[in-house]
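Asker: The structure that follows is given in the form of structure tokens.
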Ligand SMILES: [Zn+2]
């Protein structure tokens, strides 16, 4: 009888344990659910807009960021003017005007530069642009920067999961072709030494990494240098710390001196003979 009870208890314990493990194992996905929901909502939102604009704003922004970071510093260094026929030219980004009308007031405040309406995050401002100011977009297929994402490795700045995906030889070949086409169009080799150098740089920076054999990484020539800002921040911080240190020492020593004087006064008073 006691044995049966013990067995039942054991089974119940095991069941509880299994249930606990199950709950624990699914809890991360429960936590992710709202995000996924939001993502799917965004996706639907994108789909709804797809009739009007066949271009992803987010990926266009990623492409723009990469161009600014890993190409323009070199183009500026060569004092080279990108032609309008080059798809990397700022005028060939349909979202450029809207992006320039974003005012980032505060960490939680984004303002529309057209109508001055404020939003809690950039995402809502993007939606506002889609809903209210989409008439300002110059819609044209050749002006979608997101279309160049394959060539420019946008996945590296947007989401890290896709990097681990298995290499697809035909997609890689397509991206390499697109990439080399951009190099030819934007920096024609017959247009002088600057164009030549930039053509070469573009191939090294973006196109060489389109291979399934591995070993090649994009942006091998580096990007915009942030070191000056970094060093400035470090210097300011060091100066501030030194100032705080001296202030603390000063206050401490002043306090000590006052204490000493107070102590002397008390001890002097203590030495005074009491009037009888
Ligand atoms: Zn507005």
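The values are calculated or read from the model by the stated rules, or taken from the named source; none is laboratory data. Nothing here was measured: the structure is a model prediction, and the numbers come from that model. For neighbour counting, all protein chains shown are included, and Cβ atoms are generated from backbone atoms with ideal geometry for every residue, glycine included.
Asker: Would you call residue 231 at pLDDT below 85, out of contact with any strand residue (DSSP E or B) (no Cβ under 8 Å at 6 or more places or on another chain) and at negative phi?
Answerer: Values: at pLDDT below 85: yes; out of contact with any strand residue (DSSP E or B) (no Cβ under 8 Å at 6 or more places or on another chain): yes; at negative phi: yes.
Answer is yes for this residue.
Asker: Still on this model: Counting only residues that are exposed (fewer than 13 other Cβ atoms within 10 Å of the Cβ), more than 16 Å from the ligand (Cβ to nearest atom) and within 21 Å of the chain's Cα centre (by Cα), how many does region 90-116 have?
Answerer: Number of matching residues: 3.
Asker: Out of (1) modelled with pLDDT under 95; (2) surrounded by 15 or more Cβ atoms within 10 Å (Cβ to Cβ); (3) more than 15 Å from the ligand (Cβ to nearest atom), the odd one out for residue 50 is which?
Answerer: (2)
Asker: Does any residue of region 67-84 turn out to be within 16 Å of the ligand (Cβ to nearest atom) and not in a loop (DSSP other than H, G, I, E, B)? Full working, then the answer.
Answerer: First pass over region 67-84, keeping only residues within 16 Å of the ligand (Cβ to nearest atom): none.
Within region 67-84, none of the residues are within 16 Å of the ligand (Cβ to nearest atom) and not in a loop (DSSP other than H, G, I, E, B).
Asker: Regarding residue 87, is this residue in contact with a strand residue (DSSP E or B) (Cβ under 8 Å, 6 or more places away or on another chain), touching a residue at least 12 places away in the same chain (Cβ under 8 Å) and either surrounded by 12 or more Cβ atoms within 10 Å (Cβ to Cβ) or farther than 30 Å from residue 207 by Cα (or both)? Steps first, please.
Answerer: Working: in contact with a strand residue (DSSP E or B) (Cβ under 8 Å, 6 or more places away or on another chain): no; touching a residue at least 12 places away in the same chain (Cβ under 8 Å): yes; either surrounded by 12 or more Cβ atoms within 10 Å (Cβ to Cβ) or farther than 30 Å from residue 207 by Cα (or both): yes.
No, not satisfied.
Asker: If I filter region 72-84 down to residues being at pLDDT 95 or above and in contact with a helix residue (DSSP H, G or I) (Cβ under 7 Å, 6 or more places away or on another chain), which single residue comes out as nearest to residue 205 (Cα to Cα)?
Answerer: Top of the filtered list is 74.
Asker: A follow-up question, please. Quick check: is even one residue across region 117-140 surrounded by 17 or more Cβ atoms within 10 Å (Cβ to Cβ), away from the ligand (no atom under 16 Å from the Cβ) and closer than 30 Å to residue 173 by Cα? Give the derivation first.
Answerer: Filtering region 117-140 down to residues surrounded by 17 or more Cβ atoms within 10 Å (Cβ to Cβ) leaves 119, 125-126, 128-130, 137.
Still in the list and also away from the ligand (no atom under 16 Å from the Cβ): none.
So far as region 117-140 goes, no, none of its residues is surrounded by 17 or more Cβ atoms within 10 Å (Cβ to Cβ), away from the ligand (no atom under 16 Å from the Cβ) and closer than 30 Å to residue 173 by Cα.
Results for (1) surrounded by 13 or more Cβ atoms within 10 Å (Cβ to Cβ); (2) closer than 15 Å to residue 77 by Cβ; (3) at pLDDT 95 or above, shown as yes or no for each residue.
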| site | (1), (2), (3) |
| --- | --- |
| 181 | yes, no, yes |
| 193 | no, yes, yes |
| 200 | yes, yes, yes |
| 214 | no, no, no |
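Asker: If you check residue 155 against the conditions, is it at pLDDT below 95, closer than 15 Å to residue 58 by Cβ, within 13 Å of the ligand (Cβ to nearest atom) and surrounded by 11 or more Cβ atoms within 10 Å (Cβ to Cβ)? Steps first, please.
Answerer: On the way: at pLDDT below 95: yes; closer than 15 Å to residue 58 by Cβ: yes; within 13 Å of the ligand (Cβ to nearest atom): no; surrounded by 11 or more Cβ atoms within 10 Å (Cβ to Cβ): yes.
Against the criterion (at pLDDT below 95, closer than 15 Å to residue 58 by Cβ, within 13 Å of the ligand (Cβ to nearest atom) and surrounded by 11 or more Cβ atoms within 10 Å (Cβ to Cβ)), residue 155 does not qualify.
Asker: Give me the pairs, please: first residue somewhere in region 111-132 and part of a loop (DSSP other than H, G, I, E, B), second residue anywhere and near the ligand (Cβ under 9 Å from one of its atoms), beta-carbon distance under 6 Å, and either six or more positions apart or on two chains.
Answerer: Note: pairs meeting the criteria are 113/101; 114/101; 114/133.
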